[in-house]
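The block underneath contains the structure these notes are about, expressed in structure tokens.
What follows is calculated from the coordinates using simple rules that are stated; it is not laboratory data. Computed from a predicted model, the values in this text were never measured in an experiment. Using ideal geometry, Cβ is built from the backbone for each residue, glycine included, and neighbour counts are taken over all protein chains shown.
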Ligand code: HEC
């Protein structure tokens, strides 16, 4: 008769939780401030759909970012800022942002529900 190792189950649980913890810490030292992000997001609204995601210039597609994953938003904005992503509009937007600005914006957009944003009075 072989022995079972219940301790292994405990270890597996801890390991399963580890990626979540790691993801939370990739935002680095700066923790997003939603209220400040909302102020900074004023300039994003014209393109990134406050009014039912419609673009002021409907001849190009603008991605929906409300409710998007916070870490994804941070990475996207940093990629525009560094030039890894080359869309001129967004490079121009992101080039002036500090780490904190990016964290705040990401926290704000991640906190928004796409539906709420859709149905604004
Ligand atoms: C003039 C229009 C315009 C403005 C203003 C604007 N964006 Fe964008 N944004 C775009 C377009 C177009 C894209 C798609 C670019 C591409 O294909 O890489 C984009 C892409 C993005 C992405 C990547 C989305 C994804 O799914 O990968 C993020 C994040 C983003 N914008 C955030 C912002 C934030 C935050 C602001 C305000 C500070 C802002 N944008 C202002 C037009 C705009």
Per-residue Cβ neighbour rank within 10 angstrom, fewest leading, 70, 99: 99, 70
If neighbour count is taken as other Cβ atoms inside 10 Å, put 43, 71 in order from fewest to most. 43, 71
Between residue 79 and residue 35, the two model label points (7 Å from Cα along the beta-carbon direction) sit apart by a distance in nm of 3.3
Chain lengthening between residue 99 and residue 71 when straightened (0.36 nm per residue, less Cα-Cα): 8.8 nm
